[in-house]
Amino acid sequence: MKRQQGKANYLFQAIIPNGNRECSIIKEYQYELKKIGLRLPEILLPHKGIDLTKWSVIACDQHASEKDYWEKVKAFVGDSPSTLHLIFPEFYLEDQDAGKRIARVHSFMRQYLAKNILRPQPPGLILVDRQTRYTESRKGLLFAVDLEKYSYRKEPGSLIQATEETILDRLPPRMKIRENAALEVPHVMLLINDPDRRVIEPVARHLDDLPELYNFKLMMGGGRLRGFRVDDRPLLSGIVKELTKLAGTGQTGNLLMAVGDGNHSLANAKAVWEKTKKHLPDRNNRQNHPARFALAEVINLYDENLRFEPIHRVLLNIECRQLISAVKSYYDCSIEYFENKTAMEQYLAKRKSEKNIQSIGFVQEGRYGTVTIKNPAVHPAVANFQPFLENFLTRRPQAKIEYIHEEEVVSALGTQAGNTGFYLPLPDKKNLFKTIASHGSLPKKSFSIGRAEEKRFYMECRKIL
């Protein structure tokens, strides 16, 4: 293996790979990876000398209601080369100048390629090491994903599946961004079900021997991001071998990877590819067209620093008595009330290990309680409870549902008149793949991978035209 030559803010040397070496590595591993919906990506990184803290910005779907956040990012970046100019933050999606903004994004992509702001990297993978204020190190491997092997439909059977429901109405405006785009920048994170830690962790143990590509502080409290080139044959061989084993276990059907974050981004890429391939009659073009693939970071579900958090629900502007009555009519369940939140939490903790029930805490106009559903038809609890909430809301157009990450916010909103907050339990990691393989994707907003600042920041690029 090659040892890195010292450490600095930005250490990679942009090299156009040697043709013979490139062909050798690609031929050696690409065929086996193809079987499991992956391939070695052709990655572009910003040229040496570019300020990477200004270059790298958070995923476009974060801080979607926070104008102040994106205005601060804009002021910080200024005219510097940045992925901010290559994306469409969802905060601005409803603005009247969407068409102009998309045209400007496409223009910047072409400029960055023409001016060599982006440089091609030798073949191989990138080991990504992310530090946040919550976690010391979260590691992943950057692959190109075959969109033919991915499904965002709520149905089991695909090699790569969405973990949560895809809102189809969200795709058309986002497709306009990817269509005719010269580049993609990824914020998708895919999960592999690797409890024995045989795919990513063996590579991470060789971190000091891998060439360091980048190492810098992220903006806006995002932590630190490091990247290492993985082109060592024994390491690549081990990655391919262990991924192939995971795909062939049969324990979760064909499911090898589940989308942990960025499902609508991946679904958008899939929808654009479905349109594109209709105009590619040549089979070889369909096999190798760059739009058929999408960059994604693959992370082990069992990484200790991959933080799963529940997403809670708050119903606003409702008749609270009607809600409890509707719960009783919809489920075979019992309702309990408590003096305070601590007593409610103690009750939930006691019942957590019991089989054939699902207990969900709630706060309603300042009063705490639990709903305990007997013999639930579906697991996890969020999959069983979300259909009831949607059914209840369809007949009450004045009501609204909010999806909340922080328990303290649920408590604060739930104390207000006409509101009820539900504390949803976190789906069990161990059963996640089995549930998706058997029943398809979970309801929207079933869980979150950490807080907003822990989401993926844009760094790497790939040509898709």
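The values are calculated or read from the model by the stated rules, or taken from the named source; none is laboratory data. On a predicted model such as this, the values are computed, not experimentally measured, just so you know. Positions of Cβ are backbone-derived with ideal geometry, glycine not excepted, and every protein chain shown enters the neighbour counts.
Can you say whether ARG170 is modelled with pLDDT under 95, in a loop (DSSP other than H, G, I, E, B), of a type in the set (D, E, K, R) and over 17 Å from ASN431 (Cα atoms), as far as the supplied structure shows? So ARG170 does not fit the description; no.
Tell me, which strands (runs of 3 or more DSSP E) lie completely within the range 184-237 with 3 or more residues that are assigned by TED's automatic domain parsing to the domain that holds ILE126 and over 25 Å from VAL105 (Cβ atoms)?
212-217, 224-230
Residues that are outside any strand (DSSP E or B) and closer than 30 Å to PRO202 by Cβ within the range 101-133 comprise GLN121, PRO122, PRO123, GLY124, THR132, ARG133, listed in sequence order.
In the range 26-38, the residues that are assigned by TED's automatic domain parsing to the domain that holds LEU255 form Cβ pairs under 7 Å with partners that are among the charged types (D, E, K, R) and surrounded by 14 or more Cβ atoms within 10 Å (Cβ to Cβ), at six or more places apart or across chains, as follows: GLN30/ARG39; LEU33/ARG39; GLY37/ASP146; GLY37/LYS149; LEU38/ASP146.
Give the range 314-327 a look and list any residue that's in contact (Cβ under 8 Å) with a residue 24 or more places away in the chain and surrounded by fewer than 22 Cβ atoms within 10 Å (Cβ to Cβ), or say none. LEU316, ASN317, ILE318, GLU319, CYS320, LEU323, ILE324, ALA326, VAL327, listed by residue number. Suppose we keep only residues that are touching a residue at least 24 places away in the same chain (Cβ under 8 Å) and assigned to a strand (DSSP E or B) within the range 337-358. Which one would you say is surrounded by the fewest Cβ atoms within 10 Å (Cβ to Cβ)? Of everything passing the filter in the range 337-358, TYR337 is surrounded by the fewest Cβ atoms within 10 Å (Cβ to Cβ).
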